[in-house]
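First up is the structure itself, then whatever we jot down about it.
The values are calculated or read from the model by the stated rules, or taken from the named source; none is laboratory data. Here the structure is a predicted model, which is why all the values come from computation and not from measurement. Cβ atoms come from the backbone with ideal geometry, glycine included; neighbour counts cover every protein chain shown. Accessible surface areas use protein heavy atoms only, side chains included; no ligands, DNA or RNA. Shrake-Rupley method; radii C 1.70, N 1.55, O 1.52, S 1.80 Å.
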Amino acid sequence: MTRRIVILGGGTGGTLAANRLQRALAGECEITVVDRDDDHVYQPGLLFVPFGLAHQEDLVRSRGRQLHDGIAYRDCGVDHVDVEANKVHLTGGAELDYDVLVVATGARLVPEETEGLTGAGWMSKVFSFYDLKGATALARALRDFEGGRVVVNVVDMPIKCPVAPLEFCFLADWYFQERGIRDQVRLTYVTPLDGAFTKPVASRALARMLQEKGIELVTEFNTGEVDGAAGKLISFDEREVEFDLAVVVPAHGGAECVERSRGLGDALGFVPTDEHTLQSKVRDNVFVIGDAAAIPVSKAGSVTHFEGEVLVRNVVRYLAGGELDASFDGHTNCFIESGFGKAVLIDFNYDTEPLPGHYPSAVGLPLLKESRLNHLGKLMFGWLYWHSLLPGRDLPGVSTAMPLAGKRFELR
């Protein structure tokens, strides 16, 4: 009997999982991907839109066209999942039965959770670049900006791509210098963290970069309200940061369909997941990939890529009644665009924080150091995303497990 695999979400995780499963199970399973629309957005490119370095036509492609032949695509919303009956209920009343469910529903922005964020000033002096509409509107605002205080604020964690707000600060420094008005712009980075980043060595290095570029760092600021009319952020402990232009990364939550599915998600709408096998903790036949997973790792595209091989292997083993592979180590790497044609690379996992050295070996890309080579790597990733990562191909020299060679552990 042909088994049925249903994948919720046609973004990075859902697409690469579908394509890898189709290749691994060729003809043995029916694979269906479901998403509410057909617009696959290359989310790392959103960072570049406000600075005129990328445009909508560069970033959006059809979801269905990224899937291999033989994979069914349903352009439809999901109402809820009945994990007891192994059934997905679609909006409109249709149902999909499954033997294995892969949850790849990502994370969603919930700006309405922060008082005042979408009120006065929204899309005129308060913006977010975390979706295409906001990034495009922010591009217009930056073109017209002639001076004042620009505040980049992370409301709460977790967020997609935790380094992107830092990248925005660095690119803003470059952008205003290119326009010749940097001395008229006060840049401030406001974060709920106790430093520039979550890990000590990288946090110190990135804080130094902020300081060298004249960007203020405000830490442990938990935003409770955005007053767009008065131009200020107000924390829960009543501290205030004034702004002329605010770039806010809203709080994130899991998918609404997960929230509506009894027994599937946690209080935030993410799915409790084994951090090494990527099998859900709610049902043995449910697996999770990407931002939808409640595991202690960054919600970043590289994580999804590294998860893909282990997830597919475990779906195949589950269907065959075999023992699951518990080898996913939380591997994450991120290029941090730093402006002026340079970038920093960090590479880490559950047990090892970002350290100096080189990746993927003693000869390779420099870690925790600005370089032109890293910038070119960041640009090249866009091509690799569409032509290698989404189709489910392995990247030469890039392993799922974090490489230890090349890292300088004595500097921890």
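Some points to look at:
- Axis of helix 301-320 versus longest Cα principal axis of the chain: the two differ by about 10°, to the nearest ten degrees.
- Taking amide H as placed 1.01 Å from N in the peptide plane, the amide H of GLY148 sits under 5 Å from that of VAL185, ARG186, each at least 5 places away or on another chain.
- Here each label is just a point 7 Å from Cα along the line to Cβ, and for GLU84 and THR2 those points are 3.0 nm apart.
- Residue pairs exceeding 28 angstrom between C-alpha atoms, taken from LYS299/LYS378; LYS160/LYS407; LYS232/LYS369; LYS87/LYS133; LYS133/LYS407; LYS160/LYS199: LYS232/LYS369; LYS87/LYS133; LYS133/LYS407.
- Taking the DSSP beta bridges with both ends in the chain, the antiparallel portion is around 45 percent.
- A Förster radius of 22 Å, combined with the Cβ-Cβ distance separating ALA24 from GLU95, puts the computed FRET efficiency at roughly 0.25.
- 10 Å binning of all Cα-Cα separations within the range 120-251, expressed as whole percents from 0 upward: 13, 47, 35, 5
- Between 0 and 90°, nearest 10: helix 372-384 axis offset from the chain longest Cα axis: 40 degrees
- Charge dipole (the chain, unit charges on Cβ, about Cα centre) - positive-most of ALA141, THR91, SER361: SER361
- Cα gyration tensor shape of the range 102-147, rounded if a/c is under 1.5, else prolate or oblate by comparing a/b with b/c: oblate
- Calculated log₁₀ intensity ratio I(q)/I(0) where the Debye formula runs over C-alpha points of the range 332-411, q = 0.11, 0.15, 0.23 Å⁻¹: -0.28, -0.53, -1.14
- Taking the DSSP bridge list for the range 120-251 and keeping only pairs wholly inside it, about 30 percent are antiparallel.
- Burial ranking of peptide ranges 143-152, 168-177 (average Cβ count within 10 Å, highest at the top): 168-177, 143-152
- Basic side chains Lys and Arg get +1 at the Cβ, acidic Asp and Glu get -1 at the Cβ, and with that the dipole of the chain about its Cα centre reaches some 1160 debye.
- Shape of the range 1-130, Cα gyration tensor, a/c cut at 1.5: oblate
- Remark: the range 234-307 carries a charge dipole of roughly 480 debye about the Cα centre, counting +1 on each Lys and Arg Cβ and -1 on each Asp and Glu Cβ.
- Amide H contacts for VAL78 (H built 1.01 Å from N in the peptide plane; partners 5 or more residues away or on another chain; cut-off under 5 Å): THR91.
- Working ranking of peptides 378-385, 39-46, 285-292, 250-257 by packing, defined as the average number of other Cβ atoms within 10 Å per residue, highest first, is 285-292, 250-257, 39-46, 378-385.
- For the range 165-215, average projected area of the Cα convex hull in nm²: 3.3 nm²
- Looking at the range 179-251, the DSSP beta bridges with both ends there are about 65 percent antiparallel.
- Evaluating 6.51 cos²θ - 1.76 cosθ + 1.60 at θ = phi - 60° for every residue in the range 235-242, the Karplus couplings come out as 7, 5, 8, 6, 6, 10, 10, 7 Hz, glycine and proline recorded as x.
- Placing +1 on the Cβ of every Lys and Arg and -1 on the Cβ of every Asp and Glu, with no other charges, gives the range 332-411 a dipole of roughly 260 debye about its Cα centre.
- Extension gain, SER124 back to ALA326 (0.36 nm per residue minus Cα-Cα distance, nm): 67.9 nm
- Heavy-atom accessible surface of the range 180-248: percent carbon and sulfur, 1.4 Å: 41 percent
- Three principal axis lengths of the range 60-206 [C-alpha, angstrom, descending]: 61, 36, 36
- Net lengthening on full extension, ASP131/TRP383 (0.36 nm per residue, minus Cα-Cα): 88.7 nm
- At an R0 of 35 angstrom, the distance between the Cβ atoms of ASP351 and ARG61 translates into a FRET efficiency of 0.45.
- Gyration tensor (Cα) of the chain, equivalent ellipsoid semi-axes in angstrom: 36, 25, 19
- For SER235, neighbours were defined as the other residues whose beta-carbon sits under 9 Å from its Cβ, and their charges (Lys and Arg +1, Asp and Glu -1) total -4.
- Dipole of the range 332-411, positive end: most advanced residue of ILE346, LEU379, LEU390 [Cβ charges, Cα centre]: LEU379
- On Cα atoms only, tilt of 132-144 relative to the major axis of the chain in degrees: 10 degrees
- Mean Cβ neighbour count within 10 Å, used as a protection proxy, ranking 127-139, 4-16 highest first: 4-16, 127-139
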